[in-house]
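What follows is a single structure, written as structure tokens, with notes after it.
Please treat every number below as a calculation from the coordinates, not as lab data. None of the values given here were measured: they were computed from a predicted structure. Glycine gets a Cβ as well: all are built from the backbone with ideal geometry, and neighbour counts include every protein chain shown.
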Amino acid sequence: MVGTCTVVIPTYNEEKNIVNMARCIREMYPDFKIMFMDDNSTDRSRELIEGLGDPNTLIVTRKPEERGLAASVFQGILECGTDYFMTIDCDFQHPPSALGDMYAKMEEGADLTIGVRDDRFALGFIRWAGSWAFNIFADLYLIWHGKRYSRDIMSGLFAGRTDVFVPVIRENWDGLEMQGWKVLLDLLKFGPKDLRISNVSYKFAKRAEGESHISPRVVVTTFNQCGMVGRFLAKVYSKVRGC
């Protein structure tokens, strides 16, 4: 297992969660590399991670002009240097225990393993309804283009093979939605049509500490990933919400 997997974690002002997440992953998976891709936090995130003194737990401060959750994940995948990458949120809404099941799926031959929420009501009704509706819209978009789709296209918990997705990211860099949150959608959109996909179910939890960074702009950037119809809906939504 040594050197085969990197957990890529996008962060911004997560000092209340970041050390607990680092320690939890290290305790459960001693050989995993951990990369916090930090969007220039103004809190003590860097200081706290560097204070752990763990050479396999890194925090990368990204360029201010390149900020964005998706951009953070894409950069982490490009720089991880291991056979597999995994992404997980820093706020414990994704359970670190799911990483072991995802790793097992990757070892069995999957190109991409997706964490599927088995109870999305933890999102709250409005977010659940929006997630459900967009999942259908995005799946139809992917099917139309002959690509593989997911039971949970909105998931931020997934793992992939770097030899499959590093070329995808490099070749399609200018077409990726860097400001969005839904990295998985772009990986499926630009990825090979014959991807071997596995799923791992998990229970979606509430944020452990701190404040959510989600905003109406997330809806706009997500629709922008889905062709002409999606961009039209993004414009309509922007006018309605004034964002």
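See the values below:
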{"item": "For the stretch 88-98, 3J(HN,Hα) per residue [Karplus equation, 6.51 cos²θ - 1.76 cosθ + 1.60, θ = phi - 60°, Hz, x = Gly/Pro]", "result": "8, 6, 8, 9, 6, 5, 9, x, x, 4, 6"}
{"item": "Under the Karplus curve 6.51 cos²θ - 1.76 cosθ + 1.60, θ = phi - 60°, whole-Hz ³J(HN,Hα) for the stretch 33-38, x wherever Gly or Pro sits", "result": "7, 10, 10, 8, 9, 9"}
{"item": "Residue exposure sequence - L69, L140 - by fewest surrounding Cβ within 10 Å", "result": "L140, L69"}
{"item": "Mean Cα-pair separation over length for the stretch 21-79, i.e. relative contact order, pairs under 8 Å, 6 or more apart, %", "result": "38"}
{"item": "I59 long-range amide H proximity, modeled H, under 5 Å", "result": "F36"}
{"item": "Separation between Cα centres of the stretch 136-197 and the stretch 90-104, rounded to whole Å", "result": "20"}
{"item": "Solvent-free Debye scattering, log10 I(q)/I(0), computed from the Cα coordinates of the stretch 150-197 at q = 0.26, 0.30, 0.31, 0.32 Å⁻¹", "result": "-1.14, -1.42, -1.47, -1.50"}
{"item": "Residue order, fewest to most beta carbons within 10 Å, for I136, I49", "result": "I136, I49"}
{"item": "Likely footprinting exposure, D38, D101, D31, fewest C-beta neighbours within 10 Å first", "result": "D31, D101, D38"}
{"item": "Counting DSSP beta bridges with both ends in the stretch 5-211, the antiparallel % (nearest 5)", "result": "25"}
{"item": "Long-range amide H partners of S201 with built H, under 5 Å", "result": "V116"}
{"item": "Spin-label pair K203/R67, simplified geometry with 7 Å Cα→Cβ offset, distance in nm", "result": "3.6"}
{"item": "N172-A104 pseudo-label distance in nm [points 7 Å out on the Cα-to-Cβ vector]", "result": "3.0"}
{"item": "Relative contact order of the stretch 5-211, defined on C-alpha pairs under 8 angstrom at six or more residues apart (%)", "result": "28"}
{"item": "Total formal charge among the other residues, if their Cβ is under 9 angstrom from that of I59, Lys/Arg +1 and Asp/Glu -1", "result": "-1"}
{"item": "Stokes-Einstein D in µm²/s, Kirkwood radius over Cα pairs - the stretch 27-103 at 10 °C with 1.306 mPa s viscosity", "result": "117"}
{"item": "Phi to ³J(HN,Hα) by Karplus 6.51 cos²θ - 1.76 cosθ + 1.60 over the stretch 188-195, Hz, x for Gly, Pro", "result": "6, 4, 9, x, x, 6, 10, 4"}
{"item": "The stretch 5-211: translational diffusion in µm²/s, Stokes-Einstein, Kirkwood Rh over Cα pairs, 10 °C, 1.306 mPa s", "result": "92"}
